[in-house]
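The values are calculated or read from the model by the stated rules, or taken from the named source; none is laboratory data. Computed from a prediction, not measured in an experiment: that's the story for all the values here. Here the Cβ is made from the backbone with ideal geometry for all residues, glycine too, and neighbour counts use every protein chain on show. Accessible surface areas use protein heavy atoms only, side chains included; no ligands, DNA or RNA. Shrake-Rupley method; radii C 1.70, N 1.55, O 1.52, S 1.80 Å.
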Amino acid sequence: MKGLRKALTPFAPDQSGAVSVLYSLGGIIVIIDAGGCAGNICGFDEPRWSSERSAVFSAGLRDMDAVMGRDRLLIKKTVDCVRKLKANFVAFVGTPVPAVIGTDFSALKRMLDQKLSELSLPPLPVLAIPTDGMHTFDRGESLAYLSLLQELAERNLFAAIPVDEKRVGLFGVSPLDLPEYDADRKRISAALRREGFSKIIFYGADADFSAYRNAPANVLNIAVSEDGVAACSFLQEKFKTPYRVDFPGADDYLKILFPDSGQPDTGNTAEAENLPGGAQSILIVNSSVFAQSLGKAILQYLPTADVTIASWFASKNENVFRLREEDDFTRLVTEQKSEIIMADEVQKKLIPDYSGTFIHIPEFALSGKRRA
């Protein structure tokens, strides 16, 4: 039945993705909602909420505020926050409420700019991110990256600095993107150091606001997830910075499958049983860029393997199976006769009779759970 969920919970929505990108940048993030969406973001979709401070606010819309579209009240509340907090920017993040009533995000941006000017307050970059809660987190991340970079360009806030041959920028590396947030950043850093990079900037993770302003110094940008591609493309167009799309360090995950592969075990990954030689039918379900990079590494080690890539989130690669319904996953496992599945273990509920090898690789945006 279309839309029926018996095992999987709702995935992280686009507003959560937008907040994830902006969370550590020292801005004022205004969720235009009545309180519920902001609660879900901070309580379920943002694992840094318990350990890292960020100025995330709910607009606190009442019924009549939503019905009447009281944008001036929203601007007044935002100006009060600007007066009390030292912020690098203001971001308006949409939810289903403004989507239903047709809120004009560009108008909100202009109204705030005008009000700050009228009150002789310092001008701030203002981001208008029209997320609607009807899409998954990856769309929100892409919109947030692009909105921030475009605003910096419009206000001439990018630093005029030379390219640093040792500096690389990574986009699509928020806690919603990486299977194992802390361990994967170590894997990625180690892989890039082997390529000769010593300055590795994780945009959407621990990079600060100045790192975005200094983006022209990057000699290379990498989209580690598909939601980072638009940002990399923008920087290529703006500053001629080349970019590639892959997950550096994905080959380190070979240690899970093939303990004798010689790959370093740099993370807290689960151990699997030694697998028999010969061709293997392997299904990898995760973000498409990570899954494809891991699949490529497996094929280099075991060329006879039959590797299938699938994702619950959008992918422009036609070779990636897009999963939309729970039955899609069950059917794919059956049709592919998958001997090995590498995916978040929450999906094991969809295949209770599966007798192959299931290797847990977390996908926080899917399950809301990190590795214990």
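Could you say which residue among G35, G3, G60 is touching a Leu at 6+ places or on another chain (Cβ under 9 Å) and at positive phi?
Details: G3 fails: touching a Leu at 6+ places or on another chain (Cβ under 9 Å); G60 fails: touching a Leu at 6+ places or on another chain (Cβ under 9 Å).
Going through G35, G3, G60 in turn, the sole match is G35.
Residues of region 113-142 being hydroxyl-bearing (S, T, Y) and either surrounded by fewer than 17 Cβ atoms within 10 Å (Cβ to Cβ) or without any contact (Cβ under 8 Å) to a residue 60 or more places away in the chain (or both), which ones? Spell out the reasoning first.
First, pick out the residues of region 113-142 that are hydroxyl-bearing (S, T, Y): 117, 120, 131, 136, 142.
Once the filter is applied, which keeps residues that are hydroxyl-bearing (S, T, Y) and either surrounded by fewer than 17 Cβ atoms within 10 Å (Cβ to Cβ) or without any contact (Cβ under 8 Å) to a residue 60 or more places away in the chain (or both), region 113-142 yields S117, S120.
For region 167-196, what are the residues that are open to solvent by 20 Å² or more (accessible area, probe 1.4 Å) and either in contact with a helix residue (DSSP H, G or I) (Cβ under 9 Å, 6 or more places away or on another chain) or charged (D, E, K, R) (or both)?
Matches in region 167-196: R167, Y181, D182, R185, K186, A190, R193, R194, E195.
If you scan region 129-163, which residues turn out to be under 20 Å from R213 (Cβ atoms) and outside any helix (DSSP H, G or I)?
Hits for region 129-163 are I129, R155, N156, L157, F158, A159, A160, I161, P162, V163.
Need at least 1 residues that are open to solvent by 10 Å² or more (accessible area, probe 1.4 Å) and among the basic types (K, R) per element, so show me which strands (runs of 3 or more DSSP E) inside region 15-107 make the cut, counting only ones lying wholly within it. If you could, list the steps in order and put the result at the bottom.
Working: elements: 28-31, 55-58, 90-93.
In region 15-107, there are no strands (runs of 3 or more DSSP E) which contain 1 or more residues that are open to solvent by 10 Å² or more (accessible area, probe 1.4 Å) and among the basic types (K, R).
Examine region 352-365 for a residue that is small (G, A, S) and in a helix (DSSP H, G or I), and state whether such a residue exists. Give the derivation first.
From region 352-365, those small (G, A, S) are 355-356, 365; that's our starting set.
Then drop every residue that is not in a helix (DSSP H, G or I), which leaves 365.
So far as region 352-365 goes, yes, one or more of its residues are small (G, A, S) and in a helix (DSSP H, G or I).
Could you say whether any residue in region 56-77 is among the acidic types (D, E), at pLDDT 85 or above and either touching a helix residue (DSSP H, G or I) at 6+ places or on another chain (Cβ under 7 Å) or not assigned by TED's automatic domain parsing to the domain that holds S174 (or both)?
Filtering region 56-77 down to residues among the acidic types (D, E) leaves 63, 65, 71.
Now drop any that are not at pLDDT 85 or above, which leaves none.
The answer is no, given that none of the residues of region 56-77 is among the acidic types (D, E), at pLDDT 85 or above and either touching a helix residue (DSSP H, G or I) at 6+ places or on another chain (Cβ under 7 Å) or not assigned by TED's automatic domain parsing to the domain that holds S174 (or both).
Mind telling me which of the residues I341, I298 ends up being assigned to a helix (DSSP H, G or I) and in contact (Cβ under 8 Å) with a residue 40 or more places away in the chain?
Values: I341 fails: assigned to a helix (DSSP H, G or I).
Exactly one of I341, I298 is assigned to a helix (DSSP H, G or I) and in contact (Cβ under 8 Å) with a residue 40 or more places away in the chain, namely I298.
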